[in-house]
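Reviewing the structure listed below.
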Amino acid sequence: MISLLAVSDARSWFFLKDIIEKEKPDITIFCGDIVDDGVAKFWQPSWEIIQKIIKENKLKSYSILSDYDLIHEKYFKSKEFVKARRAHVKELYDALELASKKSKQVLVIKGNHDDEFSGAYNLRKIEHIKNCSEISGKLFSFKGIRFLGLSYKNCHYLTELRSLLGTSKPHIIISHPEKNRWKDIAEYGPDLVIHGHHSFGFHKVGGVNFLGTGCFPSYSIVKIDEKSKLIKEIKHFRAIPAKEKHNISKGFVAFNSATIVEKWILRTVKFD
């Protein structure tokens, strides 16, 4: 049996080591938005930084909308933000190194947020890691199983998408598509589409199996029979973030979804 671990859209890579050691995947798949995502922890200032900005700018409250916007504007221009963003990017490359040592193969595609900061998504650096392949727009074969990587850009342009799908005939597509491209991908009848960007858990599109990874630390496991190449089982673990103990201000609650998980909800799909 071949085991796949699929992740994307990371808040933080905090739990990856524990998950890899628990699941022991043959292939670890990164489905885009891995150096940046809208929910990544570096976008959210800590309580200490918020207090500092309030004090320096003589603001009244974090709960007043104009003050809230100003706090975030100040934070995005601060040294603290740059430091936090760079730390998140370093976490990603540490995660790729870890996955490459614990798995037989690592596959990576690019998401829509991965280009937001110049140089953060570094193709040469990714490919330099042992057993790690960036496969956006490419076919990759592992023990006879054909994977096709489709980045957000590959999916966005319909002519490019159809060209890639029409010539490759993959078993499994690893993608980061807009929702309006799901049906276009399904038309080509792959066995499974694993995707980031939208949705989480198992669903069907035009009779084709789709698996949304959700935002890491949510993750998915796929079991494939090595001889028949048939999918035997899909497990999706949805991470439910815990609330921090304190309120920032009336009407605002801090969520530290990067490091605190209350529980994982498991859903299993088995195939005959």
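Applying the condition of being in contact with a strand residue (DSSP E or B) (Cβ under 7 Å, 6 or more places away or on another chain) and polar (S, T, N, Q) to the range 123-149 and asking which residue is nearest to Ile29 (Cα to Cα) yields Ser133. Checked against (1) hydrophobic (A, V, I, L, M, F, W, C); (2) more than 17 Å from the chain's Cα centre (by Cα); (3) surrounded by 13 or more Cβ atoms within 10 Å (Cβ to Cβ), Val106 passes all but condition (2). Restricting the range 88-121 to residues that are part of a loop (DSSP other than H, G, I, E, B) and at pLDDT 95 or above leaves a set whose member that is nearest to Cys155 (Cα to Cα) is Lys110. For the range 187-232, a tally of residues being surrounded by fewer than 22 Cβ atoms within 10 Å (Cβ to Cβ), of a type in the set (Ser, Thr, Tyr) and in contact with a strand residue (DSSP E or B) (Cβ under 8 Å, 6 or more places away or on another chain) returns 1. Taken over the range 139-175, residues that are of a type in the set (Lys, Arg), under 18 Å from Ile2 (Cα atoms) and in contact (Cβ under 8 Å) with a residue 40 or more places away in the chain amount to 1.
Test Glu91 against the criterion of being in contact with a Ser or Thr (Cβ under 8 Å, 6 or more places away or on another chain) and either touching a residue at least 24 places away in the same chain (Cβ under 8 Å) or charged (D, E, K, R) (or both), and give yes or no. When the stated conditions are applied, Glu91 passes them.
The values are calculated or read from the model by the stated rules, or taken from the named source; none is laboratory data. As the structure is a prediction and not an experimental result, all values here were calculated from the model. Virtual Cβ from ideal backbone geometry, glycine too; neighbours counted across all protein chains shown.
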